[in-house]
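The values are calculated or read from the model by the stated rules, or taken from the named source; none is laboratory data. Bear in mind that the values here come from a model prediction, so they are computed numbers and not experimental data. Note that we place each Cβ from the backbone using ideal geometry, even for glycine, and neighbour counts take in every protein chain shown. To get the accessible areas, we keep the full protein, side chains included, count just its heavy atoms, and leave off ligands, DNA and RNA. Shrake-Rupley method; radii C 1.70, N 1.55, O 1.52, S 1.80 Å.
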There are 2 protein chains.
Amino acid sequence: MSGEQDMVPETRVLAIASHVAYGFVGNTMATYVMQSLGCEVAGINTVHFSNHTGYRQVKGTKTSAQEIRNLYQGLSQSYLTDFDVLLSGYAPSAAAVEAVGDIAEDLKRRAESKPGSFFWVLDPVMGDLGRLYVSEDVVPAYKKAIRHADLILPNQFEAEVLSGVKISTVADITAAITAIHATYSIPHVIVTSVQLSRLGSSTPASTLTIIGSTIRSDGTPRLFSVDVPALNCNFNGTGDMFAALMVARLREAVFSASSSSSSIEQLKSTRSWVSPDDVAPTDLPLATATEKVLSSMHYVLERTMEARTAELAAAEAEAGAEADTGETDEQRQFRKHLRETKAGEVRLIRNVHALRNPKVIFRAREWPSS
Amino acid sequence: MSGEQDMVPETRVLAIASHVAYGFVGNTMATYVMQSLGCEVAGINTVHFSNHTGYRQVKGTKTSAQEIRNLYQGLSQSYLTDFDVLLSGYAPSAAAVEAVGDIAEDLKRRAESKPGSFFWVLDPVMGDLGRLYVSEDVVPAYKKAIRHADLILPNQFEAEVLSGVKISTVADITAAITAIHATYSIPHVIVTSVQLSRLGSSTPASTLTIIGSTIRSDGTPRLFSVDVPALNCNFNGTGDMFAALMVARLREAVFSASSSSSSIEQLKSTRSWVSPDDVAPTDLPLATATEKVLSSMHYVLERTMEARTAELAAAEAEAGAEADTGETDEQRQFRKHLRETKAGEVRLIRNVHALRNPKVIFRAREWPSS
């Protein structure tokens, strides 16, 4: 019983993101996801909150940029920085983004003599649905820091902010990714969850599309997409889940012994794991990793939907049986919101098998380059 | 593929203990251990350190008592306090111990109408080997707080501090546990790792003994012991590992559907899960849980020893190949200490199967009551 058959190759990750006591977002999500796939995870927490902000009320503290630097210095002074991957998510200020950027630069510098031995996955958490939810000075801080990133995971809005391309048509997505490759020399980009039907495509409104690309040697994008059915629920932490699964599955795609063709063998020691130009978009490690990641996520989120429905039905029955609580309508509405948010917490723990052994049900397709 | 066959019954835990970025102690250990067995864990971190103190240098911050209270208030205001178990470990001040005590009281009060629905496992972290490593005012804070605990996990020194009994003979252990039951009305006690050979017993020096007890209705102890072979390595975080596994295995012993005899059925709704007087010491849920806990731990720690040896051999070879580094002897010694401490970090992640499916190799025996 070695028990390691479900695990990705050994991977040491430094994860810098938020921490919540209750529920699953940020590092609280990412740490468990990566650990359950076999990764060693060191976590620097950028906030210490009671719960995620989807509840609309939260208590706790933010970590200062100096505290983030200080924790990293603590690792450094005891020779605890032999990381294979940096995964960075929410940082609560421009100074914190800079601190994360400096940590990434230091880790890159240490790995310089061994190409492929260090990789930075950066989720440029800035906003969503046309709106920034960080202060404005965070944007230029990210634009500077991402030049050292190997893979970035913007949502549609963040891709617009970084590329300067307003995404109004399907072709704009291609233009935005092309611009991100070119402007920041970022080798891998994935734009998470785009609703193509809103961009004039005939794709059903119930479909979400994930579009990724690994750069070619001439700087052009090598694009693929994966469609998934949208679930009718406002989950929190799914971006963090995507990023964490991606770390593990990308390492697996590049380092797994089963991928023993010689081009894969070379890929391990290629800077940023950029595949040779003759590798087709759908054969990219990034594409095969995305297929597994989305398959795991869909299973877990479907189970979450079911559990949410059952939990809310039980709660409603209980609330109905309660005597008049003297609450105002507004209070009752807010309590309902809290109940629904709690019921929507991702059901990670009891569905861990689907993280470890996903049944791959989604497939990457080539996405037009122009 | 339900995947839940290796998991304990659903358990929601609030875990209050320290957090380290690198390695496994405190909540960093306990959270993953409990999650891997199927528990939902909400974590309030009492310190945010780069690494554990065994490295002899650490950076980071401590959480104030007010911040601990504040995080709990955050959970409270959003109705996120439906915990089955509180697991509390290191608290960095007397005020923090009081804050944890107040949180426990609040959770107990909420569960009052449903006996058995809430249980507090308290690790009274104060010192070891005859020496306090917390400030002196933490001791009276613990003496006050533990009156609400259901199970406490002192080491030999902490058992002395709490009981007022100096443990010089084997019989003194019994006296100390009897005093803890009587003085604080604590239903369950486990004294973790005693070296009986130092107390005049003929037990080999290479054996560690764990002694536990569940109180009888007349206040007398119901004692059992489990012997394990000592491993020749100074591990960190093993107390936290023990506590976390105990939470999961005790819940399993009390709540598992497979234990479907009617006395077990009643136990679930008995305050503090205290078994009827006719249950023998070795048949206690506490005893069967301890057997599983120690079997998991022994496997993981043996694998850790092996990995440590291999890692150090590789590091020595590399260090030998290095050019003269210009270090002083003292610097070289300290670097060796850091290397050894890092190599001794518990290998949790890749041995998770032994947490989930331990082969039970240790058995509880009755321990004399006088």
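Listed here are the residues, each with its yes/no results for (1) assigned to a strand (DSSP E or B); (2) closer than 18 Å to B:S193 by Cβ; (3) open to solvent by less than 20 Å² (accessible area, probe 1.4 Å).
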position	(1), (2), (3)
B:P124	no, yes, yes
B:S135	no, no, no
B:Y142	no, no, yes
B:I146	no, no, yes
B:F157	no, yes, no
B:E160	no, yes, no
B:V165	no, yes, no
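Hey, any hits in the stretch B:353-368 for a residue that's surrounded by fewer than 11 Cβ atoms within 10 Å (Cβ to Cβ) and not β-branched (V, I, T)?
yes
Could you check the stretch A:339-350 and list, in sequence order, the residues that are of a type outside the set (G, A, S) and within 19 Å of the chain's Cα centre (by Cα)?
A:E345, A:V346, A:R347, A:L348, A:I349
With the structure loaded, tell me whether A:A205 is open to solvent by 30 Å² or more (accessible area, probe 1.4 Å) and closer than 26 Å to A:V100 by Cβ or whether it fails that test. Write out each step before concluding.
Numbers: open to solvent by 30 Å² or more (accessible area, probe 1.4 Å): yes; closer than 26 Å to A:V100 by Cβ: no.
No, not satisfied.
Give the stretch B:18-31 a look and list any residue that's open to solvent by 10 Å² or more (accessible area, probe 1.4 Å) and under 11 Å from the mean Cα position of the chain (by Cα), or say none.
The one that is open to solvent by 10 Å² or more (accessible area, probe 1.4 Å) and under 11 Å from the mean Cα position of the chain (by Cα): B:V25.
Out of curiosity, is A:V100 buried (at least 16 other Cβ atoms within 10 Å of the Cβ) and either more than 14 Å from chain B (Cβ to nearest Cβ) or more than 23 Å from A:L286 (Cβ to Cβ) (or both)? If you could, list the steps in order and put the result at the bottom.
Details: buried (at least 16 other Cβ atoms within 10 Å of the Cβ): yes; either more than 14 Å from chain B (Cβ to nearest Cβ) or more than 23 Å from A:L286 (Cβ to Cβ) (or both): no.
Here the answer is no, as A:V100 does not meet what is asked.
Is it the case that the stretch B:340-363 has a residue that's touching a strand residue (DSSP E or B) at 6+ places or on another chain (Cβ under 7 Å) and over 23 Å from B:T209 (Cα atoms)?
The answer is yes; a qualifying residue exists.
Somewhere in the stretch A:49-57, is a residue open to solvent by 20 Å² or more (accessible area, probe 1.4 Å), among the aromatic types (F, W, Y) and at the interface with chain B (Cβ under 8 Å from one of its Cβ atoms)?
yes
For the stretch B:183-226, which positions are of a type in the set (A, V, I, L, M, F, W, C), closer than 18 Å to B:G164 by Cα and out of contact with any Gly (no Cβ under 9 Å at 6 or more places or on another chain)?
B:I186, B:V194, B:L199, B:I211 - these are the residues of the stretch B:183-226 that are of a type in the set (A, V, I, L, M, F, W, C), closer than 18 Å to B:G164 by Cα and out of contact with any Gly (no Cβ under 9 Å at 6 or more places or on another chain).
Quick check, is B:D82 out of contact with any helix residue (DSSP H, G or I) (no Cβ under 7 Å at 6 or more places or on another chain) and in contact (Cβ under 8 Å) with a residue 40 or more places away in the chain?
Considered against the rule, which asks whether it is out of contact with any helix residue (DSSP H, G or I) (no Cβ under 7 Å at 6 or more places or on another chain) and in contact (Cβ under 8 Å) with a residue 40 or more places away in the chain, B:D82 comes out as yes.
Is it true that A:K108 is more than 11 Å from chain B (Cβ to nearest Cβ) and open to solvent by 30 Å² or more (accessible area, probe 1.4 Å)?
Yes.
For the stretch A:58-78, which positions are open to solvent by less than 10 Å² (accessible area, probe 1.4 Å), at the interface with another protein chain (Cβ under 7 Å from one of its Cβ atoms) and not polar (S, T, N, Q)?
Within the stretch A:58-78, A:G74, A:L75 meet the criteria.
(1) within 14 Å of chain A (Cβ to nearest Cβ); (2) in contact (Cβ under 8 Å) with a residue 12 or more places away in the chain; (3) assigned to a helix (DSSP H, G or I): which one isn't true of B:S272, the others all being true?
(1)
Quick test for you: out of B:T341, B:T328, pick the one residue that is β-branched (V, I, T) and either more than 10 Å from chain A (Cβ to nearest Cβ) or farther than 30 Å from A:S36 by Cβ (or both). Break it down stepwise before answering.
Working: B:T341 fails: either more than 10 Å from chain A (Cβ to nearest Cβ) or farther than 30 Å from A:S36 by Cβ (or both).
Testing whether each residue is β-branched (V, I, T) and either more than 10 Å from chain A (Cβ to nearest Cβ) or farther than 30 Å from A:S36 by Cβ (or both) leaves just B:T328.
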